[in-house]
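Down below is the structure, laid out as structure tokens.
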Amino acid sequence: MNGKKIKIVADSSSDVTALDGVAFEYAPLKIITSEKEYVDNESLDIEEMVGDLENYKGRSSTSCPNADDWLNAFGDAERIFCVTITSNLSGCYNSAMSAKRIYEETYPDRRVFVLDSLSTGPEMALAIDKLAELIEAGESFDAICDRIVEYNKKTGLLFMLKSMKNLANNGRVSPLVAKMAGLLGICVVGKASDEGTLEPLNKCRGEQKAIHTILSHMKEMGLSKGKVKIAHCFSEDAGKALKELIQKEFAKVKVEIYRCRGLCSFYAEKGGLLVGFEKA
Ligand code: X90
């Protein structure tokens, strides 16, 4: 790819807004109520949005970028690696594939690869970091496509949720599952399934129990070294507690904590944690 303009592009559910060393652009999703439309970009005041939504009783939903939005994010890059939220819960992947077809037809010497992460948030962020690493190492376009597909199979996403109201209202989990999370003091721990759906695993009484449960799932799935990314929705303390637990047992694991941006905040809701990790 020597001399070619290379770019990584993702939808805003990855919570990544910029990268060092490699060109990056994101296509924002939108959070919509009858009163307001929130665009998930850097101008979004997430605290204000979460506060508004807490008091708002009407219907709320989200919408994914369309092909034009993706084309804007592609810009004029010649080699594009695009990462999307799971195609099983969102239209992002489909619209990115439409954009890829249009882009490659319009510019026959340019290429776009779209990775369906089958996940979201911090697991997408891990894939984005890996892409940047492979690009900086000077790997070829085709080699990077193969490597990122393999890498994505070796990463996982676990989560802890205190409310699943917005997920249920938008048909992303069954109302029955959402009911468990609605109970006072109950945290639902779950994972992104291999098919890219939301799979509840445990009902935990209290945050401490939930964090320990997340750690034991990570161990079962082969955590030992490598990277962990924790995205929290106003639950930094829980995130830090999990970070400490991990580092006490696995000194070699690098753990990063940050706040969810708009889309993940809407669905994870206050008190939610998303944990992306490398399995083995
Ligand atoms: O296209 C759209 O409108 C976006 C729909 C996204 C729906 C799901 C977002 C989930 C965000 C919640 C916990 C993690 C679940 C992971 C499942 C793969 C975060």
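Going by what's in this entry, would Leu215 be described as farther than 14 Å from Thr155 by Cα and of a type outside the set (Lys, Arg)? For Leu215, the condition - farther than 14 Å from Thr155 by Cα and of a type outside the set (Lys, Arg) - is met. For the criterion of being under 23 Å from Lys209 (Cβ atoms) and either in a helix (DSSP H, G or I) or assigned by TED's automatic domain parsing to the domain that holds Ser12 (or both), Met160 fails.
Could you grab me the full set of residues in segment 47-68 that are in contact with a Cys (Cβ under 8 Å, 6 or more places away or on another chain) and either of a type in the set (S, T, N, Q) or closer than 20 Å to Glu25 by Cβ (or both)? If the condition is that a residue be in contact with a Cys (Cβ under 8 Å, 6 or more places away or on another chain) and either of a type in the set (S, T, N, Q) or closer than 20 Å to Glu25 by Cβ (or both), then Cys64, Pro65 are the ones that fit. Taken over segment 173-197, the criterion of being loosely packed, with under 13 Cβ neighbours inside 10 Å and either touching a Leu at 6+ places or on another chain (Cβ under 9 Å) or modelled with pLDDT of 95 or more (or both) is satisfied by Asp194, Glu195. The set of residues from segment 113-153 being of a type in the set (D, E, K, R) and more than 16 Å from the ligand (Cβ to nearest atom) comprises Asp129, Lys130, Glu133, Glu136, Glu139, Asp142, Asp146, Arg147, Glu150. Here Gly21 clears all of (1) modelled with pLDDT of 95 or more; (2) assigned by TED's automatic domain parsing to the domain that holds Leu131 except the condition numbered (1).
How many residues does segment 131-154 contain that are assigned to a helix (DSSP H, G or I) and under 22 Å from Asn88 (Cβ atoms)? Residues meeting the conditions: 8.
Among residues that are touching a strand residue (DSSP E or B) at 6+ places or on another chain (Cβ under 8 Å), among the hydrophobic types (A, V, I, L, M, F, W, C) and in contact (Cβ under 8 Å) with a residue 60 or more places away in the chain, Cys82 is included. Filtering His232, His217, His212 for residues that are more than 21 Å from the chain's Cα centre (by Cα) and modelled with pLDDT of 95 or more leaves a single hit, His212. Restricting the search to strands (runs of 3 or more DSSP E) fully inside segment 1-112 and requiring at least 2 residues that are under 16 Å from the mean Cα position of the chain (by Cα) gives 6-11, 24-27, 30-33, 60-63, 79-84. Scanning segment 149-172 for residues that are crowded, with 21+ Cβ neighbours inside 10 Å and out of contact with any helix residue (DSSP H, G or I) (no Cβ under 6 Å at 6 or more places or on another chain) returns Gly156, Phe159, Lys162. Summed over segment 181-231, residues that are among the hydroxyl-bearing types (Ser, Thr, Tyr), within 15 Å of Ile246 (Cβ to Cβ) and in contact with a strand residue (DSSP E or B) (Cβ under 8 Å, 6 or more places away or on another chain) total 1. Looking across segment 45-62, the residues that are within 15 Å of the ligand (Cβ to nearest atom) and either surrounded by 13 or more Cβ atoms within 10 Å (Cβ to Cβ) or among the hydrophobic types (A, V, I, L, M, F, W, C) (or both) come down to Ile46, Met49, Val50, Leu53, Ser60, Ser61, Thr62.
Note on segment 1-38: residues that are farther than 19 Å from Ile85 by Cα, of a type in the set (S, T, N, Q) and in contact with a Phe, Trp or Tyr (Cβ under 6 Å, 6 or more places away or on another chain) total 1. Of the helices (runs of 4 or more DSSP H) lying entirely inside segment 189-273, those containing at least 2 residues that are away from the ligand (no atom under 16 Å from the Cβ) and more than 25 Å from Leu89 (Cα to Cα) are 207-220, 236-249.
The values are calculated or read from the model by the stated rules, or taken from the named source; none is laboratory data. Bear in mind the structure is a predicted one, so any value in this text is a computation, not a measurement. Backbone-built Cβ (ideal geometry, glycine too); neighbour counts: all protein chains shown.
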